[in-house]
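Following: one structure in structure tokens, then a few remarks.
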Amino acid sequence: MVSMANQAASPSSSSFSNSCTYDVFLSFRGEDTRHNFTDHLYSALVQKGINTFIDDKLRRGGEISASLLKAIEESRISIIVFSTKYAAFKRCLDVLDKILECKKLRQQKVWPIFYKVEPSDVRHQRGSFGEALAKHECKFKNNIHKVHRWRKALSEAANLSGWTFSDGDRHESQFIRKIVDDVLEELSSHAYLDVATYPVGIESYVGEINKLLEVGEESVCMVGIWGAGGIGKTTIAKAVYHSIVHEFDGSCFLANVRENSMPHGGLVQLQETLLIDILRVKKLKVTNVDKGVAMIKKRLSNKKVLLILDDVNQLEQLHSLARGSDWFGSGSRIIITTRDKHLLIAKNVPPSDYVKVARRAVYYVQGLPLALTVLGSHLCGRSIDQWQAALDSYKRVPNKEIQEILKISFDALEDIVKEIFLHIACFFKGKYVHYVTQMLECCDPMIGIELLVEKALITIDGCRVLMHDLLEEMGKEIVRQESPNNPGKRSRLWLHEDVDHVLAENTQNIYNLETRVTNLH
């Protein structure tokens, strides 16, 4: 078991953003099923909110359009409706070939429907399928390789799990309902996790963690991602999840374990979620933590699972959700994100052999590449002791060059927006938006907050106002510089010792004083 420690999410393309435009792509022979079965299936899928692509412009013969190829590539699931005349249409066979290519290269789910045809006829090209392929061989005798590809594609697709509707079956509506339910279950079990609006530089970290995971090996592996809050642990874990989830029998991403385990019964609810997601059942009751432990071990010990435990902060949480590798089937992978290094060590997930001082530097800049460049230029060529001393000093007095770079955006703000920024930096980071707007009512806060979001100086997440640690540090440093040696002359006080000093010495009038009131925000 291994651990990744203190790596901030830094920069890159958006290749880990959600590339699936459609939930389902429907491949069918229009002459056979367009105005009956396929139309009914399409309507049922759409009614359930399933984003489904259907080609309304099928033409006899001709090549597949670029837009149709793109639709196939950007679908999570392809459903092939094999009907009597499906193989007679060259374009259907080309689409089938493309779908199976996406299955291989993009891990796309492919499900066949055998509508009034026998799977064995499709598999061995008998009956109408044999007749159609024989005609294609005559027509394409100068390109027989294409026909061989079609035969191979038909055989491969017919060997996949799917649904069969025979001539004697009467309840087509029930048959369609079953298909829609299965599609919904598949989509919910692999629901896309929101990664980030701009997941900059994430791919290198995902690649490193995937190397550590060694997906495909039979052993059960646990990997820890360790670092301070806000450096991108969850973002990286989500991206890793999406890159490998198709390799497992079941999967679960348990978000915010720390927060969700706090209420009474929280651990039990997390155990229920874990089991429901991996087993793909609609409901499951866990009565207490010990029963949950027993159920996880019993139900998952033979399953190859992918489990992400996000933001773990207590050993009890790990003991309740993933205490040992013997809980899960061969080839399972468990990823733990945490701010507590000792928790991973206690869980026998040792940290990777990274240079400690470099790790501290990455932690300090918190994912800002420009800040890392500045820091590197200051420390390049210096001894380890000098690195340690410099980083220790930055805890007390922020690096001036980094502060000056960050201050460029601040200086461009209007005065009233600067005041709102400083208020947030000193008092309101992490507070609910409605609370901040209420407290800053005199500053026309909504417009100011929107401007700060546009300038990337704050973000809004879950109705809370968030700010990068270095920006918070910069704001507080601006206030400190109003009077470096006399807190009483500063516009804002947020440290208890400064407030005590000012009140005791009665040095100056106080512009603002934050008072903590339980449950006010």
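When segment 271-295 is filtered for residues that are at pLDDT 90 or above and not aliphatic (A, V, I, L, M), the ones remaining, listed by number, are Gln271, Glu272, Thr273, Lys285, Thr287, Asn288, Asp290, Lys291, Gly292. The condition (being at pLDDT 85 or above and closer than 20 Å to Ile231 by Cα) is satisfied by just one residue among Thr459, Thr437: Thr459.
For residues that are under 25 Å from the mean Cα position of the chain (by Cα), outside any loop (DSSP other than H, G, I, E, B) and more than 28 Å from Lys297 (Cα to Cα), scanning just segment 313-370, find the one that is modelled with the lowest pLDDT. Filtering segment 313-370 for residues that are under 25 Å from the mean Cα position of the chain (by Cα), outside any loop (DSSP other than H, G, I, E, B) and more than 28 Å from Lys297 (Cα to Cα), the one modelled with the lowest pLDDT comes out as Pro369.
Determine whether Lys291 is charged (D, E, K, R) and farther than 25 Å from Ile209 by Cα. Taking the combined requirement at face value, the residue satisfies it.
Collect the residues in segment 134-157 that are in contact (Cβ under 8 Å) with a residue 40 or more places away in the chain and closer than 15 Å to Arg91 by Cβ, keeping them in residue-number order. Break it down stepwise before answering.
Residues of segment 134-157 in contact (Cβ under 8 Å) with a residue 40 or more places away in the chain: 135-136, 149-150, 153-154, 156-157.
Residues satisfying the conditions are Lys135, His136, Arg149, Trp150, Ala153, Leu154.
Cβ separations smaller than 8 Å between residues 6+ apart or across chains give the following pairs from segment 475-487 residues that are closer than 20 Å to Leu503 by Cα to residues that are among the polar types (S, T, N, Q): Val479/Ser491; Glu482/Ser491; Asn486/Thr507; Asn486/Gln508; Pro487/Thr507. Selection over segment 164-185 of residues that are in contact with a helix residue (DSSP H, G or I) (Cβ under 6 Å, 6 or more places away or on another chain) and in a strand (DSSP E or B) gives a count of 1. Checked against (1) surrounded by 14 or more Cβ atoms within 10 Å (Cβ to Cβ); (2) of a type in the set (Ser, Thr, Tyr); (3) farther than 30 Å from Met467 by Cα, Ser261 meets all criteria but (3).
The values are calculated or read from the model by the stated rules, or taken from the named source; none is laboratory data. Since the structure is predicted, the reported quantities are computational estimates derived from the model, not experimental observations. Glycine gets a Cβ as well: all are built from the backbone with ideal geometry, and neighbour counts include every protein chain shown.
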